[in-house]
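For reference, the structure discussed in these notes is given below.
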Amino acid sequence: MLTSALKTIIVMGVSGSGKSLIGSQLASKLDGTFEDGDDFHPLSNKAKMSAGTPLTDEDRWPWYATLRQRIEDMRHVTPIYVLACSALKPEYRDKLRAHDQPETLRFVLLDGSKELIASRLAGRKGHFMPPALLDSQLATLELTPDVIHVAIDQTPEQIVSDIIQKLEEEDA
């Protein structure tokens, strides 16, 4: 069983890795609340990405500040908050983590091959993130030892079970 210290789980990865689907199922399984970080992007960021232009760090900082505030706000609302957010660089994860200890906030990377993710992106309709930005996202991804890796080449139910098992192992 997960410890009561764990308050926030960031489900991270590149676009098309399944953050929204897995995050929502994980939150449901843990009796928590799920939100998608993309919903907090300003329209200017969404327009930029829709045009095929990667965001700069200057574009991201206000968004990460909003997400960090949301993490803090949700601690008064739900026992477990699951947030989907790409969080591709260590400094982005640092903005989300702020002063939290590792047992309070965890990062879970949905990890898969470029080919698998590209095939998912090709089948997605109506999303502001075009498949053309996959290469830039993969190039941006920087991993650190604190990130829990979960393979996405399995069913959503298996992925959620794998996440819970790995979180419990971290608590042991």
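The values are calculated or read from the model by the stated rules, or taken from the named source; none is laboratory data. The model shown is predicted, which means the values in this text are computed figures rather than measured ones. Cβ coordinates were reconstructed from backbone atoms using ideal geometry, including for glycine residues, and neighbour counts include every protein chain displayed.
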Could you count how many residues in region 31-56 are closer than 28 Å to Pro145 by Cα and either polar (S, T, N, Q) or in contact (Cβ under 8 Å) with a residue 12 or more places away in the chain (or both)?
-> 12
Residues (within 19 Å of Gln137 (Cβ to Cβ) and crowded, with 19+ Cβ neighbours inside 10 Å) located in region 1-31 | Ile10, Val11, Met12, Gly13, Val14, Ser15, Gly16, Ser17, Gly18, Lys19, Ile22, Gly23
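Quick grid of which residues meet (1) hydrophobic (A, V, I, L, M, F, W, C); (2) farther than 25 Å from Glu170 by Cβ:
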| site | (1), (2) |
| --- | --- |
| Glu35 | no, no |
| Phe40 | yes, yes |
| Lys46 | no, yes |
| Pro54 | no, yes |
| Asp57 | no, yes |
| His76 | no, no |
| Cys85 | yes, no |
| Asp100 | no, no |
| Leu105 | yes, no |
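Could you list, in sequence order, the residues of region 9-36 that are in contact with a strand residue (DSSP E or B) (Cβ under 8 Å, 6 or more places away or on another chain) and of a type in the set (Val, Ile, Thr)?
Once the filter is applied, which keeps residues that are in contact with a strand residue (DSSP E or B) (Cβ under 8 Å, 6 or more places away or on another chain) and of a type in the set (Val, Ile, Thr), region 9-36 yields Ile9, Ile10, Val11, Ile22, Thr33.
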Can we say Ser15 is touching a His at 6+ places or on another chain (Cβ under 8 Å) and either among the hydroxyl-bearing types (Ser, Thr, Tyr) or closer than 24 Å to Glu157 by Cβ (or both)?
-> yes
Selection within region 32-67 - within 16 Å of the chain's Cα centre (by Cα), closer than 20 Å to Asp94 by Cβ, of a type in the set (D, E, K, R) and surrounded by fewer than 16 Cβ atoms within 10 Å (Cβ to Cβ) | none
Does Leu88 meet the test of being without any contact (Cβ under 8 Å) to a residue 40 or more places away in the chain and either surrounded by fewer than 18 Cβ atoms within 10 Å (Cβ to Cβ) or of a type in the set (A, V, I, L, M) (or both)?
-> no
Set Val108, Val82, Val77: member being within 16 Å of Val147 (Cβ to Cβ) and out of contact with any Phe, Trp or Tyr (no Cβ under 9 Å at 6 or more places or on another chain) = Val108
Log entry, pairs with first residue in region 1-22 being assigned to a loop (DSSP other than H, G, I, E, B), second being hydroxyl-bearing (Ser, Thr, Tyr) and modelled with pLDDT of 85 or more, beta carbons closer than 8 Å, six or more apart or on different chains, reads Ala5/Thr104; Leu6/Thr104; Lys7/Tyr81; Lys7/Thr104; Gly13/Ser86; Val14/Ser86; Ser15/Ser86
Could you say which residue among Asp31, Asp39 is out of contact with any helix residue (DSSP H, G or I) (no Cβ under 9 Å at 6 or more places or on another chain) and part of a helix (DSSP H, G or I)?
-> Asp39
Test: residue in region 51-74 that is among the β-branched types (Val, Ile, Thr) and touching a strand residue (DSSP E or B) at 6+ places or on another chain (Cβ under 8 Å) = yes
